[in-house]
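Working notes for the structure below.
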Amino acid sequence: MTRHLDRDMDRLHRDILSLCTRVEEMIDNAALALCKGRAHLADQVAEDDKHVDQQEVMIEEECLKMLALHHPVAVDLRRIATVVKVNNDLERIADLAVNIAERASGVCEYPDFVIPEGVDAMVASVTRMVRSALDAFVNLETFAARAVIGMDDEVDEMNSLLIARLTEIMQRDSHLVVPSLHCFSAIRHLERIADLATNIAEDSIYLVDGDIVRHRCVVENIETTPNS
């Protein structure tokens, strides 16, 4: 039984790695479409999403079969449970990449619109978060995972600053309202990708330590708040 479980775990590891690679490529192409005006990449992102959907379903089915056949325990059970969650987060990230690519196509229809300063930096930070979170998951590195969690506040701040800049642009020039709204939406999708990267980092910590860190700061704040 152990030999068969090890074989299936190896195959599951390869499959989730393949999904990670495809989703990273989708983020890169969506970012190029938005920041560099390469609208033709939007079609590629949409096409890749179809494959991601298929892979996501296949990986989930693999996990369910392994749970039913092998009844894993301890770290093997945590590994499968974590893959199920990361698999779902990757599919959601892919959907957000499609949304960004679609918004980028809308921006490209307005050649007079200039992508605000700071979008490139936000894209770089979000991309780094995703890659670092996936590396932490694959390499079982909790230190790297905690670093990703710490980066989320930085991205949230970038999101707020860029929304303020886009609001100013729309107030200043009514002709740029539509492309500004497209860009606004793309930025919000980027911020959501950062949240999902944080989820993956938190799940990586659970995989290694068996420690659930989600919502911990909220729980701690509730516990330390004096009764009124």
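Within the set 131, 103, 92, the sole residue that is of a type in the set (Lys, Arg), crowded, with 21+ Cβ neighbours inside 10 Å and in a helix (DSSP H, G or I) turns out to be 103. Taken together, 196, 166, 190 contain a single residue that is over 22 Å from the mean Cα position of the chain (by Cα), assigned to a helix (DSSP H, G or I), among the aliphatic types (A, V, I, L, M) and buried (at least 18 other Cβ atoms within 10 Å of the Cβ), which is 166.
Of all the listed residues (126, 148, 114), the sole one being at pLDDT 95 or above, of a type in the set (Val, Ile, Thr) and under 23 Å from residue 42 (Cα atoms) is 126. The numbered conditions (1) modelled with pLDDT of 95 or more; (2) touching a Gly at 6+ places or on another chain (Cβ under 6 Å); (3) over 14 Å from residue 188 (Cα atoms) are all true for residue 133 except (2). A single member of 12, 17, 77, 32 is within 30 Å of residue 179 (Cα to Cα) and hydrophobic (A, V, I, L, M, F, W, C), and it is 32.
Examine segment 69-79 for a residue that is in a helix (DSSP H, G or I), within 24 Å of residue 141 (Cβ to Cβ) and small (Gly, Ala, Ser), and state whether such a residue exists.
Yes: segment 69-79 contains one or more residues that are in a helix (DSSP H, G or I), within 24 Å of residue 141 (Cβ to Cβ) and small (Gly, Ala, Ser).
Do we find that residue 34 is surrounded by 18 or more Cβ atoms within 10 Å (Cβ to Cβ), within 19 Å of the chain's Cα centre (by Cα) and not in a loop (DSSP other than H, G, I, E, B) in this structure? For residue 34, the condition - surrounded by 18 or more Cβ atoms within 10 Å (Cβ to Cβ), within 19 Å of the chain's Cα centre (by Cα) and not in a loop (DSSP other than H, G, I, E, B) - is met.
When residue 228 is tested against (1) over 30 Å from residue 77 (Cβ atoms); (2) at pLDDT below 95; (3) assigned to a helix (DSSP H, G or I), only condition (3) is not met.
If I ask for residues that are within 14 Å of residue 97 (Cβ to Cβ) and either over 18 Å from the mean Cα position of the chain (by Cα) or among the basic types (Lys, Arg) (or both), which ones from segment 48-77 would you list?
Within segment 48-77, just 50 meets the criteria.
The residues of segment 134-148 that are surrounded by fewer than 22 Cβ atoms within 10 Å (Cβ to Cβ) and either aromatic (Phe, Trp, Tyr) or assigned to a helix (DSSP H, G or I) (or both), listed by number, are 135, 138, 139, 142, 143, 144, 146, 147. For residue 138, the requirement of being touching a Cys at 6+ places or on another chain (Cβ under 7 Å) and touching a residue at least 24 places away in the same chain (Cβ under 8 Å) is not met.
The values are calculated or read from the model by the stated rules, or taken from the named source; none is laboratory data. All values derive from a computational prediction rather than experimental measurement. Positions of Cβ are backbone-derived with ideal geometry, glycine not excepted, and every protein chain shown enters the neighbour counts.
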